[in-house]
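A short write-up of the structure that comes next.
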Amino acid sequence: MSCCCRCLEILIAILLPPLGVCLRHGCCSLEFFICLFLTILGYIPGIIYAVYVIISVDPDRYNRDYWHPINEK
């Protein structure tokens with residue numbers, strides 16, 4: 001992923017934390033719901049969590065095993 005895209009995601013995460021996480025991980029992910037909950041509790045915890053998730057959590061970590069075919073030849 002390019003540096004420009006990541007910087008834009010971080011900027012969006014600062015303005016609207018759940019939207020930044022949604023763009024990176026999708027709207028039905030655990031990270032999105034945690035960020036939404038933290039943003040409802042307080043804006044600053046939502047920002048901190050959103051920036052952390054965008055920078056350090058790999059969005060494909062669960063999908064790697066799921067998308068591989070069963071019978072690889």
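In this simple spin-label approximation, residue 48 and residue 7 carry label points 7 Å from Cα along the Cα→Cβ vector, and these lie 2.6 nm apart. The local environment of residue 13, defined by Cβ-Cβ distances under 11 Å, has a net charge of +1 under the rule Lys, Arg +1 and Asp, Glu -1.
Every number here is computed from the coordinates shown, using simple stated rules; none is lab data. Treat the numbers as computed from the prediction; the structure is a model and nothing was measured. Glycine gets a Cβ as well: all are built from the backbone with ideal geometry, and neighbour counts include every protein chain shown.
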